[in-house]
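One structure is given here, and the rest of the page talks about it.
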Amino acid sequence: MQRSLLPRADFKLPGFNISWIFCPSRFVAGDIFNLFQLDEHHIGFYLLDVAGHGVPSAMLSVTLSRFLTPILDSPLKYRLPNSPGYLISEPKVVLSELNERFQVDEDTMQYFTMVYGMININEQKLSLAHAGHPPPIHLPRDGDIKLLGSGSLPIGILPAGDYETELSTFESGDRIFLYSDGIPECFNAAEEPYSEERLLDRLRQWRDMPLQELLKKLEDDLRTWRNDEDFSDDLTLLAIEMD
């Protein structure tokens with residue numbers, strides 16, 4: 001069910017190169033992501049991670065995926081009065097609405113972390129917000145890696161979540177990487193984590209590779225590091241590059 005909600009292998013968005021890693025853990029877990037066209041000028045994307053494992057976490061991730069799908073009357077888009085057009089919610093508004101609707105249940109304590117963002121294609125602007133999630137990685141075509149976003153609580157912890165939208169340029173050749181904590185916390189046989197530092201080093205080292213080749217090499221590197229067919233948590237990474 002979770003896999004059916006991920007983008008298809010042949011999924012394309014005009015003007016962008018897109019690739020991802022999704023290696024499920026040995027347990028049913030709660031990672032999920034997607035990208036979509038919000039209108040002719042904007043694409044939206046998210047990656048989220050529901051705390052815990054098992055069917056409850058997986059079912060919440062499925063529910064969230066359906067909630068975030070930009071259908072006609074989705075909370076992501078608000079119809080303008082007396083007009084066929086829409087206003088698109090900025091990322092911090094999306095996170096705030098999710099936080100209002102998905103407060104933790106005392107019996108399950110199911111909260112989740114996530115990144116939600118969008119790219120304005122005409123203005124070459126990236127806006128995003130994240131809630132308790134590893135910071136997205138921005139790799140400009142001609143510059144060093146930057147970590148984006150300020151720290152905030154996961155969604156569902158407190159009724160009044162404080163989320164901020166961060167803006168940056170996103171130009172031709174730029175890349176952004178969203179990932180779950182299963183990657184830096186992927187442990188090898190010696191119980192050493194793969195770590196954020198190692199991930200950043202690999203992205204710098206392989207930055208000149210085509211995006212799909214880079215992610216294939218990164219997945220192979222993670223599997224070699226783990227040296228086990230089973231993962232203790234989902235390994236999920238979504239990469240977006242502007243042509």
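Tabulated data
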quantity: Of all residues in region 113-126 being in a loop (DSSP other than H, G, I, E, B) and not hydrophobic (A, V, I, L, M, F, W, C), the one that is nearest to residue 58 (Cα to Cα); calculated: 124
quantity: Inter-residue pairs, beta-carbon under 6 Å, first more than 30 Å from residue 172 (Cα to Cα) and in region 207-233, second open to solvent by 40 Å² or more (accessible area, probe 1.4 Å) and hydrophobic (A, V, I, L, M, F, W, C), 6+ apart; calculated: 227/189
quantity: Unmet criterion (only one of (1) acidic (Asp, Glu); (2) within 17 Å of residue 133 (Cβ to Cβ); (3) in contact with a strand residue (DSSP E or B) (Cβ under 6 Å, 6 or more places away or on another chain)) for residue 174; calculated: (2)
quantity: Failed item in (1) modelled with pLDDT of 90 or more; (2) in a loop (DSSP other than H, G, I, E, B); (3) among the small types (Gly, Ala, Ser), with residue 129 passing the rest; calculated: (2)
quantity: Whichever residue in region 36-59 is farther than 16 Å from residue 242 by Cα and at pLDDT 90 or above and, among such residues, is nearest to the chain's Cα centre (by Cα); calculated: 47
quantity: Residue that is open to solvent by less than 60 Å² (accessible area, probe 1.4 Å) and among the aliphatic types (A, V, I, L, M), where the choices are 147, 215; calculated: 215
quantity: Filter pass, residue 163 being touching a helix residue (DSSP H, G or I) at 6+ places or on another chain (Cβ under 8 Å), of a type in the set (Phe, Trp, Tyr) and in contact (Cβ under 8 Å) with a residue 60 or more places away in the chain; calculated: yes
quantity: Qualifying positions in region 104-130 - within 17 Å of residue 165 (Cα to Cα) and of a type in the set (A, V, I, L, M); calculated: 114, 115, 118, 119, 126, 128, 129
quantity: Selection within region 184-205 - of a type in the set (Ser, Thr, Tyr) and in contact (Cβ under 8 Å) with a residue 24 or more places away in the chain; calculated: 194
quantity: Among residues of region 204-238, those that are closer than 19 Å to residue 180 by Cβ, over 20 Å from the mean Cα position of the chain (by Cα) and of a type in the set (A, V, I, L, M, F, W, C), counted; calculated: 1
quantity: Residue match in region 14-26 (condition: touching a Pro at 6+ places or on another chain (Cβ under 9 Å), among the β-branched types (Val, Ile, Thr) and farther than 19 Å from residue 133 by Cβ); calculated: yes
quantity: Leading residue by the ranking (nearest to residue 212 (Cα to Cα)) among those in region 159-180 that are in a loop (DSSP other than H, G, I, E, B) and aromatic (Phe, Trp, Tyr); calculated: 170
quantity: Among (1) over 19 Å from residue 48 (Cα atoms); (2) open to solvent by 10 Å² or more (accessible area, probe 1.4 Å); (3) in contact (Cβ under 8 Å) with a residue 60 or more places away in the chain, the one test that residue 181 misses; calculated: (1)
quantity: Selection count where residues are open to solvent by 20 Å² or more (accessible area, probe 1.4 Å) and either closer than 20 Å to residue 213 by Cβ or at pLDDT below 90 (or both), scope region 19-35; calculated: 6
quantity: Any hit, region 185-203, residues being under 17 Å from the mean Cα position of the chain (by Cα) and modelled with pLDDT under 95; calculated: yes
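Yes/no per residue for (1) closer than 17 Å to residue 238 by Cβ; (2) of a type in the set (Asp, Glu); (3) assigned to a loop (DSSP other than H, G, I, E, B):
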residue: 152; (1), (2), (3): no, no, yes
residue: 157; (1), (2), (3): no, no, yes
residue: 182; (1), (2), (3): yes, no, yes
residue: 185; (1), (2), (3): no, yes, yes
residue: 189; (1), (2), (3): no, no, yes
residue: 202; (1), (2), (3): yes, no, no
residue: 215; (1), (2), (3): yes, no, no
residue: 218; (1), (2), (3): yes, no, no
residue: 224; (1), (2), (3): no, no, no
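The values are calculated or read from the model by the stated rules, or taken from the named source; none is laboratory data. Since this is a predicted model, take the numbers as computed values, not measurements. Cβ coordinates were reconstructed from backbone atoms using ideal geometry, including for glycine residues, and neighbour counts include every protein chain displayed. In case anyone asks, the SASA skips ligands and DNA or RNA and just uses the protein heavy atoms, side chains included. Shrake-Rupley method; radii C 1.70, N 1.55, O 1.52, S 1.80 Å.
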